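S.K.: First the structure, then my questions, so here it is.
The values are calculated or read from the model by the stated rules, or taken from the named source; none is laboratory data. Nothing here was measured: the structure is a model prediction, and the numbers come from that model. Cβ placement follows ideal geometry from the backbone for every residue including glycine, while neighbour counts extend to all protein chains displayed. Note: areas computed on protein heavy atoms with side chains; ligands, DNA, RNA excluded. Shrake-Rupley method; radii C 1.70, N 1.55, O 1.52, S 1.80 Å.
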Amino acid sequence: MIDSFAFYIRRIALFLTTISLLAACSQFSSRPGAITFHNVAARYNAYFMAEQDMMEAEYEMKKAFKENYNQLLPILLPMDSVLAMPVKPKLQDAIKKASIVAEKHQNSKWIDNSYILLGKSRLYLGEWADGLEALRYVYANGRDESDKNDALILLMRAYIERKDYANALGVAEYLSQQPLDKTSVRDFYLTKAYLHQQNGEYLTSVAILEETFPFLKKSTETARIHFAAAQMYDRLGQYALANKHYKSVNRNKPNYDLGFYSSMNSLQNEVVLNPKRDLSDVGFDRMLKDRKNDDLKDRVYFTMGLLAEHKKEIPEAVSYLQKAAAASKGNLQQKAYTYLQLARIQYESLENFEVSKAYYDSALAILPQEAPEYRLVADRKRALDNFVTQYTIVSTEDSLQKLAKMNPAALDNRIDAIIEAKEKKRLEDEEKARKAQIAAQNASMQQGGGNPLVNGNERRWELYDPALVNQGKMDFKRAWGNRPLEDDWRRSSRPLRSLTSNTGTGDSTATAGTQQASSGMKKGTPEWQEVHDLLKKNIPLTDTLFAASQKKKEDALYNLGKIYRFDLKESNRAIATFERVLADFPKTQYKDEIYYLLFLSNEENTAQKESWKSKLLSEYPSSTYARLVTKSVDTGGTSGNAVKEYEAAYKLYADGNYTKALEDIEKNLPAYKGGSMEDKFALLRVFLVGKIRGKEAYAQAITEFMRLYPTSIYLPRLKEMQEFNSLSMGKR
C-alpha cells in the first residue's frame, strides 16, 4: 500500500516537472533558460539549414551567370528570377526553413536574420512585394540594430534592381548616418557603388569602390570588382587608373576569362596612352599564339581593330575586324559586335553604304533580341535600307544623266567600254575562283580528304557567312533587279540598276552587271549588240525621259535629307543634302519644307538658323511651316536676364569658344535653378562637354541630364543622343 502510494507521488512529481520545463522553454518566455534553448534550436536547426540552402543557391547562380565582357560588369549579381529558376527548389526550401524560426522560436535572437533570409529568397524568385515586406518588417520591428541595417542594405539593393533609384538613395542617406560594423560597411559601400553604377554615375561609383577595396579579401569576386572599376575608369577616359585596376585583377585569383580580358584591356589602354606604339609589338601577338586562347582569338582581333581605328588606320582596322569575324567559333554575340563595328566604319569612315547595310543585316541576324543594342540596330538597319534605296537612285540617275549629255558616238564608245571592262572582270573572277577551288582541293587531298569548302582550316563556304550572303543578294538585285524563280531568267528584259565607268574621267557609278556565258563575248556579235542596246535603252536621251530622271533624283535627294535628319541624326549631312536640292532644283515643290528643315537642322549655327527662318517667312508667310517657326519662337522666349545670358553663352558656343562658354554655364547654372530655362542651359552644357571633354564625358553628361530633368521636353532628344553616342563609341 505504501509502495503504491510512493509510486503515485513520483508520477505526479514527474508530470509537474515536465510541465514546468515545458513552460520554461516556451517561445514566448523571457527567462534566460528559455531564450538560450530557442537560440540554440533556431541557430543550429532551421536557420542553419536555410542559410546552407541560400549559399548553395547563390553559388549555382554565380556559376550560371554569363559575364558579357563587351558590357559593363555589374558590381553585384543581378537579382534575376530567370537566373533563379534552376535553384528555385533550394530557395523555396530556404523560405520554408526560415519560416520555422518565425513560427516556433519567437524569442530567439535569430528571428531577424531569418526574416532577412526569407526576404532575400523571395527577391531572387521575383516575389518583390513579399520580399520587400519581410525586409521592412525587420527594419520596423527588429531587435538588433546590426540586423536592421543589414535589412536596409538588402532593401536598397532591391530598389536598385527595380530601378527605383530615388528610394534607393533615400535608404543610402539614412544608412550613411548609422554606425555600421565592418561587414556592414563593406556591403553598404558595394551596394551604394552598384547604385551609382546602374544610374550611370561612374565617377561616384569608382570613388566609393576605392574606399571599399581595403575591406575586400583576395578572391575571384574581388578580381571581378576591380575589373568593373577599371571599365568605369575607361568610360571616364582615365586610362592610367583603369590600368591600375586591370593589373589588380591578376593579383586577386581571377578565372581564366577574367584574367584574359583584363590583360587585353590593359594592353589596349597602353596603346591609347601611347598612340605611337605599334600593335605588332604590344603583346597581342603572344596572346594570339597561346593555344589556350584559340577560342578567344576573335576578341583579340576585335580589340586590335578598335585600336587601329583609334589610330586612324582604317584599312588595318577593317582587316583586323574581318579576321575577328572569321575567327569566331560559336561566340555569336561577339561576332555580332564585330559586324556592328564593321558596319559603323564602312558607313562613317569609308562611306560604303551598301556594305555597311550588309553588315548591319548580318549583325541583326545573330544579335540576341534581349541585347541592349538590338532595338537601336534594328532601327538603324531599317533607316539604312531606305537610305541605300534613295542613295542608289541618286547615283544611278546622276550616271545616266551624264551619259545622256554625251554625243552619240562618244556614248556608244563608252557603253562598249563598259561592256568590255565588265566582261574582262567577269572572266578574271571566274579564273581566280577556279584556281582557288583547285588549290583548296589539292590541299584537302594532301591532308587526307575532306570537303575544302567546309573545312575550317581551308576556304570557308560562302553560305556560312551571313555578310557574304547579304552582299551576294544585294549584288544580284543591283545587277538583275527583283527576279522570279524561272527558267532562262537571264534572257528576260530587266531594268538597268546602275552603270559602271572605267574611264577614270570622274563620271560616276556602279555596274551594269549583265551576266554572260562562260566564254567571252566579242564586239560586233549579236550578243554584244543585245547587251549594248539594253544598256542604252535606260539612258534618258529624250527631254521627257530626262525630265523623269530629274524628278526621280529630286525626290530621292529630298528623301535622303530627311533620312539624315530624322533617322540617322546627322544634321550636317542633312544640311548639305537639302542645300543640294535647292541648288540643283531651284523650283522644287519641297522648298518651303526644306527651308523649315534647314531651320531645324542648323542647331549650332544661330546665324544660318535665322537666315532660313527669314527666307521661310518672306517667301512662304502663310505656310504651315512658317506658322511652326513663329510658334516655336513665341513659346521658346523668356524675359529677364536668363535669356540674355543664354544668348551670350550660345554665341560663344556658335563662335567655337567652347571653353569660355562651358565656364560661364557651370558658374551661373545654380542661379537658374527652378527657372523655366534651367534645362535649356543644362542642354547647352551637354553639347559643350561633348565638344571639350570627349565622348565618355559626353555620355556621362547626358546621363546626368536625364536623371536631373526627367520631365524636360528635351528628354527624348537626349535619349536619342545617348543611344547614338553609345553606338558610335563602339564596344571595348
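S.K.: Working only within segment 218-233, note down all residues that are assigned to a helix (DSSP H, G or I) and either open to solvent by 40 Å² or more (accessible area, probe 1.4 Å) or modelled with pLDDT under 90 (or both).
M.R.: As a first pass, look at segment 218-233 and keep what is assigned to a helix (DSSP H, G or I): 220-233.
Result: 220, 221.
S.K.: May I ask you to say which residue of 166, 151 is in contact with a helix residue (DSSP H, G or I) (Cβ under 9 Å, 6 or more places away or on another chain), open to solvent by less than 10 Å² (accessible area, probe 1.4 Å), modelled with pLDDT of 85 or more and in a helix (DSSP H, G or I)?
M.R.: Working: 166 fails: open to solvent by less than 10 Å² (accessible area, probe 1.4 Å).
So the residue among 166, 151 that is in contact with a helix residue (DSSP H, G or I) (Cβ under 9 Å, 6 or more places away or on another chain), open to solvent by less than 10 Å² (accessible area, probe 1.4 Å), modelled with pLDDT of 85 or more and in a helix (DSSP H, G or I) is 151.
S.K.: So which residues in segment 344-363 are farther than 18 Å from residue 376 by Cα and of a type outside the set (S, T, N, Q)?
M.R.: Those that are farther than 18 Å from residue 376 by Cα and of a type outside the set (S, T, N, Q): 350, 351, 354, 355.
S.K.: Among the residues of segment 576-591, is there at least one that is open to solvent by 40 Å² or more (accessible area, probe 1.4 Å) and in contact with a Ser or Thr (Cβ under 9 Å, 6 or more places away or on another chain)?
M.R.: no
For every residue, the table says whether it meets (1) at pLDDT 85 or above; (2) within 31 Å of the chain's Cα centre (by Cα); (3) outside any helix (DSSP H, G or I).
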{"site": "77", "(1), (2), (3)": "yes, yes, yes"}
{"site": "84", "(1), (2), (3)": "no, yes, no"}
{"site": "97", "(1), (2), (3)": "no, no, no"}
{"site": "100", "(1), (2), (3)": "no, no, no"}
{"site": "103", "(1), (2), (3)": "no, no, no"}
{"site": "108", "(1), (2), (3)": "no, no, yes"}
{"site": "115", "(1), (2), (3)": "no, no, no"}
{"site": "120", "(1), (2), (3)": "yes, yes, no"}
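S.K.: Sticking with this structure for a sec: Yes or no: residue 416 at pLDDT below 85, exposed (fewer than 14 other Cβ atoms within 10 Å of the Cβ) and either more than 18 Å from the chain's Cα centre (by Cα) or β-branched (Val, Ile, Thr) (or both)? Steps first, please.
M.R.: Values: at pLDDT below 85: yes; exposed (fewer than 14 other Cβ atoms within 10 Å of the Cβ): no; either more than 18 Å from the chain's Cα centre (by Cα) or β-branched (Val, Ile, Thr) (or both): yes.
Here the answer is no, as residue 416 does not meet what is asked.
S.K.: Any residue in segment 703-718 that is more than 13 Å from residue 681 (Cβ to Cβ) and without any contact (Cβ under 8 Å) to a residue 12 or more places away in the chain sitting within a Cβ distance under 8 Å of a residue that is open to solvent by less than 60 Å² (accessible area, probe 1.4 Å) and assigned to a loop (DSSP other than H, G, I, E, B)? List the pairs, counting only those 6 or more apart or interchain.
M.R.: 715/709
S.K.: Right, another one. Counting just the residues of segment 331-363 that are open to solvent by less than 20 Å² (accessible area, probe 1.4 Å) and hydrophobic (A, V, I, L, M, F, W, C), which one comes out farthest from residue 297 (Cα to Cα)?
M.R.: Here the residue is 353.
S.K.: Taking the conditions exactly as written (open to solvent by 20 Å² or more (accessible area, probe 1.4 Å) and among the acidic types (Asp, Glu)), does residue 201 satisfy them or not?
M.R.: Values: open to solvent by 20 Å² or more (accessible area, probe 1.4 Å): no; among the acidic types (Asp, Glu): yes.
No.
S.K.: Which condition does residue 328 not pass, out of (1) hydroxyl-bearing (Ser, Thr, Tyr); (2) more than 23 Å from the chain's Cα centre (by Cα); (3) open to solvent by less than 50 Å² (accessible area, probe 1.4 Å), if it passes all the others?
M.R.: Result: residue 328 passes all but (2).
S.K.: Say whether the condition of being part of a helix (DSSP H, G or I), open to solvent by less than 30 Å² (accessible area, probe 1.4 Å), β-branched (Val, Ile, Thr) and closer than 30 Å to residue 365 by Cα is met by at least one residue in segment 285-300.
M.R.: yes
S.K.: Which one of 604, 579, 593 is under 35 Å from the mean Cα position of the chain (by Cα) and outside any helix (DSSP H, G or I)? Walk me through it before giving the result.
M.R.: On the way: 579 fails: outside any helix (DSSP H, G or I); 593 fails: outside any helix (DSSP H, G or I).
When all the criteria are applied, what remains is 604.
S.K.: Out of all the residues in segment 543-558, is one or more free of Cβ contacts under 8 Å to residues at least 24 places away in the same chain, part of a loop (DSSP other than H, G, I, E, B) and within 30 Å of residue 420 (Cβ to Cβ)?
M.R.: For segment 543-558, residues free of Cβ contacts under 8 Å to residues at least 24 places away in the same chain, part of a loop (DSSP other than H, G, I, E, B) and within 30 Å of residue 420 (Cβ to Cβ): absent.
S.K.: From the residues in segment 237-277 that are surrounded by fewer than 19 Cβ atoms within 10 Å (Cβ to Cβ) and touching a residue at least 40 places away in the same chain (Cβ under 8 Å), which one is nearest to residue 206 (Cα to Cα)?
M.R.: 237
S.K.: How many residues does segment 532-572 contain that are over 26 Å from residue 344 (Cα atoms), at pLDDT below 85 and basic (Lys, Arg)?
M.R.: 2
S.K.: Being in a loop (DSSP other than H, G, I, E, B) and either touching a residue at least 24 places away in the same chain (Cβ under 8 Å) or in contact with a helix residue (DSSP H, G or I) (Cβ under 6 Å, 6 or more places away or on another chain) (or both) is the filter; apply it to segment 126-148 and report the residue that is nearest to residue 115 (Cα to Cα). Give the derivation first.
M.R.: Here is the first cut: in segment 126-148, the residues in a loop (DSSP other than H, G, I, E, B) are 126-127, 142-144.
Keeping just the survivors that are either touching a residue at least 24 places away in the same chain (Cβ under 8 Å) or in contact with a helix residue (DSSP H, G or I) (Cβ under 6 Å, 6 or more places away or on another chain) (or both) gives 126, 142-144.
Values: 126: 17, 142: 9, 143: 12, 144: 13 Å.
Among those that are in a loop (DSSP other than H, G, I, E, B) and either touching a residue at least 24 places away in the same chain (Cβ under 8 Å) or in contact with a helix residue (DSSP H, G or I) (Cβ under 6 Å, 6 or more places away or on another chain) (or both), it is 142.
S.K.: Read through the list (1) surrounded by 19 or more Cβ atoms within 10 Å (Cβ to Cβ); (2) without any contact (Cβ under 8 Å) to a residue 12 or more places away in the chain, then give the number of the only condition that residue 183 fails.
M.R.: (1)
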